Amino acid sequence: MISEDTEVVNNVENVRVFMRIRPETENQDQTAITSDKNIITLTKSSTAKTFKFCKIFDHTSSQIDLYRSIAVPIVAKVVTVTYLEIYNEEIRDLLSETPKKKLTVHEKPGLGVYVKDLLGFTVDSLEGVTEMLCKGNKNRATGSTKLNDTSSRSHAIFTILVESKNKTNNKTTFGKLNLVDLAGSERVNRTLATGDRLKEAGKINLSLSVLGNVISALVDGKPTHIPYRNSNFTRLLQDSLGGNSLLVLEEQKETKRKRKKSKTLINNEEFEKIEMEKGVLENKIFVIQKKILVGGENLFEKAQQQMELIEDTAKELEHLDSTHQLLQDILPFKAQEKSFVEEHQVSLQEEEGTG
Amino acid sequence: MTITKEAFVDLQEKYNKVIKLLEEDSKLDPETEPYLSKYLARQILIGMKANIENLIRTEAADGQDNIKLTAMLGAVYLYLGMVSIDTEEISTGEKHLEKCKETIEKHQEKPEVILITLNMYNQFGILWSQREPGKSKVYLEKAEHLYKKYKAEANVPLDISDLFHANIETYNTETALRNLEKIYTHTLYYLAQIFGAMKEALKSSIYCHITLQRQLQMGDYDPIDWALNAATLSQFFMEQNGFKQAKHHLAASSYILAQYRNELNQITERNEAYDAKMETFKHRSADVARCWAKYGILLLSKSKERLLNHADDIDVNCSMSSDLSKLQITSESSISTEDLQHLDFEGIDVRSYEAQVTDQFILTLEDARKVFINAQQWTTKAQEYYTLDSLASDYIEIVLDQTQLYLNLLFFEDNPENQAKLHKRRVNLLENILDKVNSQYYLHYCRQVWFELGRTYADILDIKTDKLRESDSRPTPQALSKINNLVEKSILHYSNFINSFQDKVTGKLPDKIPEDAEKPFLQAYFHIAALHGRHVTLDKQVQLKNTEASLEHYKFVSDYCDRYGKAKELVAMEYGICKEMVALLPIKIAKLSAS
């Protein structure tokens, strides 16, 4: 809650430090806090410390006050809003004159995912933003009465795009904020309130229109098998959801030599790597040996050096050999581990991947 | 004493009102009062109940209208139950359904009552699905059993609306029979869901199939949805090694799409509605194409697994079948062999679509090639719709499928030169993606691609080094330079993969990598470490540098795993080797530095 040095403010050109005091809670260490304009005083057992900031906001201030006071003077910005609804996998523009018209999702490799023909409105104030929000809300699909029918879910995404030009360094930055209204949230609240334990998984869908969902649920959890069931919803929020989900990095269990009798495939790969190292070293030795035979100056010296190299490499080979041996000893053990893991995995798949 | 006609007419009027409220008006209820129509309907139903009960009291026990009145009362309780469930008054709903059951107890299988009975059991199924799927299953299976019995006896049911029709002259048998079938289809559909919820996937899939079959027979389906659902179901069968069934479902899907295509061609007026339909058709056809491609990919992959697991003795010891109807059923299973015999679609002939590719496990390169070509054709087809410019994510996924296809074919290829060629094709496909897309927006795809490229270059490297080792002659400088080039390429891509986790501002790697990426991240580091050891050079300085780089990378993995125990479990094998290398390599470095 209490912030840093005041000196920082003056030294670093682009940094402004503000402080906002939250409402008092249990003050365990009995520190009295008073503030005045941009100076805050902390008094504890008759010792007073003062700190200076660019501005201090007390506990009566709101987010909007802060925003207006801090952000607005620094940046000149263009704020654009879009508002769309996804209902039964159909996308509609809530801010258009023809909100019933269905729009399509497109992608461009350089741009990412976007909705074609979605209208963006420039607003110049927070009031403008809320006005757009209200306007769009009026156009939302009226609550479907088929509350049992999970196919009639309506999500709404209100997007605020900020393009701001920083006056101090002339850089333009883009920011995007998605406000998402998830469908069915009211219903969930109501159910929780009444205490009925609604197990979504067990709830029967009445309409045959969602047979597809029932079938998809059977397929193993991997998204690779039914790619086209990615809803428009997740597609639109793709870049906001972060790029950390690695879809398919399946273990390549294959061996490079399929004729190998050994069944412990993973171990074999590593074996081969060690063998490779060995192989390369052997190769080097071979090459060096050849060089000794071919004439040249200071052959003897070279021979000496090379003898040493050969010795070293031989030692290394020994070392690798012992590692090799070690691994070979571990191998059967690992084989056991592997089959245990495989069994375990199979039973997990049966549990998870169905239903 | 006979019941007055007025009484029946009155009931008919009320019934019609209820139906209208429930089926039409409820759709127009305002958001603030979503149950308005339902509550109104409920009021009327309560009134009807009172009336009917009254009539029953005055009617003689063996009167001609007795069964009819009983049925009507049962129907009213049924509707009351349904409305209560819809309006989330579950326990009230249960009470009504119980009363319904009580009322119709002795007459369940009579023509006047059968539709109410079946509906009631369906409703019980829905009711209990939320609390106890097991109980739900019992009710639904009861409905299933009753339906079969009723059909076997070839009786004609009475439609519920006819029941309330006061002066009916002829009964609507057609409607009644159609409703009978509809109710049963729903019973099967609900059972499919219950089995899914109870994790009995195969049983659920059988019911899904039957539902699809029935939709087909009744002519009650949307062709696009049906085709897509059949294709989706095929994906499930494939995973269970039921390639025969999977292929059949894909064939059916294509068949229905072709039929729909003909229908569209008949439309002469080209307006917005037509365009929308055409667009959907093209879109979903591309999706079915992707399913066909997945079929080929998985068939090759499973065939490979099968060969690896039964190296020498495949014909003798391997009982794995690609036909689910031959699946060995254990005694504990809830599925019967009989259940698995009818996973085909009656009434449509899809053999021409099935003929394009095999459903048997692959043994030879020749056969593998055929499957490969077929699947490749399907990916090309899918890319007609999913282009890089319009739907890049899907396009990329299809390209990844194509690379997987090459990889699966590789396994069957003995000749290393050809293997290398196939790898090269993969490289081209993957590098093409990197060229075309913005890694900022397609980060998770680019990561996959980098990792795959790292691995593929390493695979080619292995092939080339093997070749060198096996040859007797001295390796040419070109050959060695190629080797080094491959090493570098592999390292480059693994490095790109790793660097993509850097913080954009500081340029530094975070201390902890997100869990779902941890394993490949560490593996990439590990591979780079090993790769640094594969440079071929006589230059001691270069060797030293490489060995140091190698050590650095082994150490990173080792340290990371020491810091985060869970990570150690993910890459246990690699960790072991890293630890060894961290011990060994300093010796080598010392020797190299000394000389």
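General observations
- Residues considered: A:Leu111, A:Leu119, A:Leu95. Of these, the only one that is at pLDDT 85 or above and closer than 25 Å to B:Thr280 by Cβ is A:Leu119.
- Annotation note: of B:Ile210, B:Ile206, B:Ile160, the sole residue that is under 20 Å from B:Ile67 (Cβ atoms) and not polar (S, T, N, Q) is B:Ile160.
- Filtered by the rule that a residue be more than 37 Å from the chain's Cα centre (by Cα) and surrounded by fewer than 19 Cβ atoms within 10 Å (Cβ to Cβ), region B:122-164 gives B:Glu153, B:Ala154, B:Asn155, B:Val156, B:Ser161, B:Asp162.
- Restricting region A:98-126 to residues that are of a type in the set (S, T, N, Q) and loosely packed, with under 13 Cβ neighbours inside 10 Å, the residue that is farthest from the other protein chains (Cβ to nearest Cβ) is A:Ser125.
- Filtered residues of region B:26-51 (kept if assigned to a helix (DSSP H, G or I) and surrounded by fewer than 16 Cβ atoms within 10 Å (Cβ to Cβ)): B:Lys27, B:Leu28, B:Tyr39, B:Gln43, B:Ile46, B:Gly47, B:Ala50
- Here B:Asp516 passes the criteria (1) closer than 21 Å to B:Leu443 by Cβ; (2) at pLDDT 95 or above; (3) touching a Leu at 6+ places or on another chain (Cβ under 8 Å) except the one numbered (2).
- Test: residue in region A:56-74 that is among the basic types (Lys, Arg), at pLDDT below 85, surrounded by fewer than 16 Cβ atoms within 10 Å (Cβ to Cβ) and part of a helix (DSSP H, G or I): yes
- Pair list, Cβ under 9 Å, 6 or more apart: region B:246-271 residue closer than 21 Å to B:Arg214 by Cβ and in the same structural domain as B:Arg290 (by TED's automatic domain parsing), other residue surrounded by fewer than 16 Cβ atoms within 10 Å (Cβ to Cβ) and small (Gly, Ala, Ser): B:Ala251/B:Ser352; B:Ala251/B:Ala355; B:Tyr255/B:Ser352
- Matching entry among B:Leu365, B:Leu410 (being buried (at least 17 other Cβ atoms within 10 Å of the Cβ) and hydrophobic (A, V, I, L, M, F, W, C)): B:Leu410
- Near pairs, Cβ below 6 angstrom, 6+ apart or cross-chain, from region B:109-128 (more than 19 Å from B:Ile67 (Cβ to Cβ) and without any contact (Cβ under 8 Å) to a residue 12 or more places away in the chain) to any residue that is assigned to a helix (DSSP H, G or I) and not small (Gly, Ala, Ser): B:Trp128/B:Lys135
- Subset of region B:471-495 (residues that are surrounded by 11 or more Cβ atoms within 10 Å (Cβ to Cβ), within 14 Å of another protein chain (Cβ to nearest Cβ), outside any loop (DSSP other than H, G, I, E, B) and not aliphatic (A, V, I, L, M)): B:Asn484, B:Ser490, B:His493, B:Tyr494
- Scan of region B:558-594 for residues that are surrounded by 15 or more Cβ atoms within 10 Å (Cβ to Cβ) and more than 13 Å from every other protein chain (Cβ to nearest Cβ), ordered by number: B:Ser558, B:Tyr560, B:Cys561, B:Tyr564, B:Ala567, B:Lys568
- Counting residues in region A:169-192 that are at pLDDT 50 or above, more than 18 Å from A:Ile91 (Cβ to Cβ) and touching a helix residue (DSSP H, G or I) at 6+ places or on another chain (Cβ under 6 Å) gives zero.
- Candidates B:Glu431, B:Glu397, B:Glu413, filtered to the one that is assigned to a helix (DSSP H, G or I) and over 29 Å from the mean Cα position of the chain (by Cα): B:Glu431
- Of the residues B:Lys282, B:Lys277, B:Lys294, the single one that is among the basic types (Lys, Arg) and crowded, with 24+ Cβ neighbours inside 10 Å is B:Lys294.
- Members of region B:421-455 that are away from chain A (no Cβ under 12 Å), buried (at least 16 other Cβ atoms within 10 Å of the Cβ) and touching a residue at least 24 places away in the same chain (Cβ under 8 Å): B:Arg426, B:Val427, B:Leu429, B:Leu430, B:Leu453
- Members of region A:193-221 that are at pLDDT below 75 and part of a helix (DSSP H, G or I): A:Ala193, A:Thr194, A:Glu200, A:Ala201, A:Gly202
- Residue check for B:Lys545: over 40 Å from the mean Cα position of the chain (by Cα), surrounded by fewer than 17 Cβ atoms within 10 Å (Cβ to Cβ), more than 11 Å from every other protein chain (Cβ to nearest Cβ) and farther than 16 Å from B:Leu509 by Cβ: yes
- Filter result for B:Lys588 (under 15 Å from A:Leu320 (Cβ atoms), assigned to a helix (DSSP H, G or I) and more than 39 Å from the chain's Cα centre (by Cα)): yes
- B:Ala458, sole failed condition from (1) of a type in the set (A, V, I, L, M, F, W, C); (2) more than 28 Å from B:Val288 (Cβ to Cβ); (3) assigned by TED's automatic domain parsing to the domain that holds B:Gly296: (3)
- Extreme residue, nearest to B:Ala71 (Cα to Cα), among residues of region B:129-155 that are at pLDDT below 90 and more than 14 Å from chain A (Cβ to nearest Cβ): B:Asn155
- Within region A:105-123, the set of residues being within 25 Å of the chain's Cα centre (by Cα) and not aliphatic (A, V, I, L, M) comprises A:His106, A:Glu107, A:Lys108, A:Pro109, A:Gly110, A:Gly112, A:Tyr114.
- Inspection of region B:105-121 identifies at least one residue that is crowded, with 16+ Cβ neighbours inside 10 Å and within 14 Å of another protein chain (Cβ to nearest Cβ).
- Of all residues in region A:166-187, those that are under 26 Å from A:Gly136 (Cβ atoms) have Cβ atoms under 6 Å from Cβ atoms of residues that are among the aromatic types (Phe, Trp, Tyr) and modelled with pLDDT of 70 or more, 6 or more apart or on another chain, in A:Leu179/A:Phe158.
- Hits in region B:272-299 (condition: among the hydroxyl-bearing types (Ser, Thr, Tyr) and free of Cβ contacts under 8 Å to residues at least 24 places away in the same chain): B:Tyr274
- Condition check for B:Tyr221: over 20 Å from A:Val219 (Cα atoms) and more than 11 Å from every other protein chain (Cβ to nearest Cβ): no
- Within region B:256-281, being modelled with pLDDT of 95 or more and in contact with a Phe, Trp or Tyr (Cβ under 6 Å, 6 or more places away or on another chain) holds for one residue alone: B:Ile256.
The values are calculated or read from the model by the stated rules, or taken from the named source; none is laboratory data. Keep in mind it's a predicted model, so treat the numbers as computed, not measured. Every residue, glycine as well, gets a Cβ built from its backbone with ideal geometry; the counts of neighbours run over all protein chains shown.
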